[in-house]
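Structure first, then comments.
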Amino acid sequence: MNRKEKRGSGTKTLKVRKMYMEEFLNKQLSEEQLKELIFDLMSGTIDLERYPYPSGIIVENEYAKGKTCEKLYAEVYDANRRICERLGVDEDQDVETIISCMDEICRVFAYKMFDYGAKKEVFYQK
């Protein structure tokens, strides 16, 4: 099961992402919107078949089949299923909380890394 199948996407979120793509194409995105768009493209939460972006933009879905994140996410998913099986439940809220929090930690790190990369002067301050 891939990340998109497990997490899903709400209609409102898709509309916001489509708007970001349109603003991106018109070069009107704020820095925060750009970070979110890049993160969503990398994490596979934007359905590129539904909302394609121009071929000149190079942002890979790191959860695509065969990629490292896809393999790691499959391991997380399988471990979650085994825990739930041992507990005799379909879903365990504590495990879901752990996964959601780790996802959010990754988002925070990715945004900060973007900031450090985009603002090298911040990183190289003495």
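The values are calculated or read from the model by the stated rules, or taken from the named source; none is laboratory data. Computed from a prediction, not measured in an experiment: that's the story for all the values here. Glycine gets a Cβ as well: all are built from the backbone with ideal geometry, and neighbour counts include every protein chain shown. We work out accessible area using only protein heavy atoms, side chains counted, and drop any ligands, DNA or RNA first. Shrake-Rupley method; radii C 1.70, N 1.55, O 1.52, S 1.80 Å.
Screening residue 124 against (1) at pLDDT 85 or above; (2) among the hydroxyl-bearing types (Ser, Thr, Tyr); (3) open to solvent by 60 Å² or more (accessible area, probe 1.4 Å) leaves a single unmet condition, (1). Among residues that are open to solvent by 50 Å² or more (accessible area, probe 1.4 Å), out of contact with any Leu (no Cβ under 6 Å at 6 or more places or on another chain) and not in a helix (DSSP H, G or I), residue 71 is not included.
Since residue 63 meets every condition but one in (1) at pLDDT 80 or above; (2) out of contact with any helix residue (DSSP H, G or I) (no Cβ under 6 Å at 6 or more places or on another chain); (3) open to solvent by 40 Å² or more (accessible area, probe 1.4 Å), which condition does it not meet? Looking at each condition in turn, residue 63 falls short on (2).
Return yes when residue 107 is free of Cβ contacts under 8 Å to residues at least 40 places away in the same chain, of a type in the set (Lys, Arg) and out of contact with any Cys (no Cβ under 9 Å at 6 or more places or on another chain) and no when it is not. Considered against the rule, which asks whether it is free of Cβ contacts under 8 Å to residues at least 40 places away in the same chain, of a type in the set (Lys, Arg) and out of contact with any Cys (no Cβ under 9 Å at 6 or more places or on another chain), residue 107 comes out as no.
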